[in-house]
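Participant: Please see the structure below; I have some questions.
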């Protein structure tokens, strides 16, 4: 396995392990055993487990962002329909899972934001990017005359990210996506309300 391939393999393996078990519950030994590599190989590519965690979190966001962009950037659909489709995909994703590990972004925020500046900075950049993606589509919906909002799109988008993470946490506790369904209902009946046709 090439060096770059080994690093990628470690991150891919770590993504699965850290998402299902959590950062603190997954030691370096667990990671290298799952990846099938010697411990020295791990430290050839990562200075610490903290750095590894930040890289795994970055990979998780890359995958999440790609799916989000695919839905929100689909210009064959009106912007409000794209926002609804994004929420629907999140509900379906959790309906299809037998295990509910939660969102790695929220999990890492709870586990590491206090102790790790590196992970905290990575989380901050993820939340900012996520907010920007949602805000752009909300702005499109306003410009298209589909919705009216009393606050700037960035403020509404940041609230949606916050509310989403809270709903995922509740879904993790309840072991079902009811909290996400409830969030979707509230959002599209009280915040992003479609204007009646003139």
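The values are calculated or read from the model by the stated rules, or taken from the named source; none is laboratory data. Because the structure is a prediction, the values reported are computed rather than measured. Every residue, glycine as well, gets a Cβ built from its backbone with ideal geometry; the counts of neighbours run over all protein chains shown.
Participant: I'm trying to understand the selection: among the residues of the range 66-100, which are out of contact with any helix residue (DSSP H, G or I) (no Cβ under 8 Å at 6 or more places or on another chain), in a helix (DSSP H, G or I), at pLDDT 95 or above and exposed (fewer than 14 other Cβ atoms within 10 Å of the Cβ)?
Facilitator: Once the filter is applied, which keeps residues that are out of contact with any helix residue (DSSP H, G or I) (no Cβ under 8 Å at 6 or more places or on another chain), in a helix (DSSP H, G or I), at pLDDT 95 or above and exposed (fewer than 14 other Cβ atoms within 10 Å of the Cβ), the range 66-100 yields 66, 70.
Participant: Give 21, 59 a once-over and let me know the one that is assigned by TED's automatic domain parsing to the domain that holds residue 111, closer than 23 Å to residue 172 by Cβ, surrounded by fewer than 18 Cβ atoms within 10 Å (Cβ to Cβ) and touching a helix residue (DSSP H, G or I) at 6+ places or on another chain (Cβ under 9 Å).
Facilitator: Working: 21 fails: assigned by TED's automatic domain parsing to the domain that holds residue 111.
The conditions single out 59.
Participant: If you don't mind, another one. Of the residues 160, 180, 151, which is over 19 Å from residue 68 (Cβ atoms) and either at pLDDT below 95 or assigned by TED's automatic domain parsing to the domain that holds residue 68 (or both)? Quick ask: steps written out before the conclusion?
Facilitator: Details: 160 fails: over 19 Å from residue 68 (Cβ atoms); 180 fails: over 19 Å from residue 68 (Cβ atoms).
The unique qualifying residue is 151.
Participant: Something else now. Output yes when any residue across the range 103-123 is assigned by TED's automatic domain parsing to the domain that holds residue 174 and either touching a strand residue (DSSP E or B) at 6+ places or on another chain (Cβ under 9 Å) or within 17 Å of residue 181 (Cα to Cα) (or both), and no when none is.
Facilitator: First, pick out the residues of the range 103-123 that are assigned by TED's automatic domain parsing to the domain that holds residue 174: 103-123.
Right, trim to either touching a strand residue (DSSP E or B) at 6+ places or on another chain (Cβ under 9 Å) or within 17 Å of residue 181 (Cα to Cα) (or both) and you get 103.
Yes.
Participant: May I ask you to list the residues in the range 112-132 that are part of a helix (DSSP H, G or I) and surrounded by fewer than 19 Cβ atoms within 10 Å (Cβ to Cβ)?
Facilitator: To start, the set of residues in the range 112-132 that are part of a helix (DSSP H, G or I) comprises 112, 117-132.
Scanning the range 112-132 gives 117, 118, 120, 121, 124, 125, 127, 128, 129, 132.
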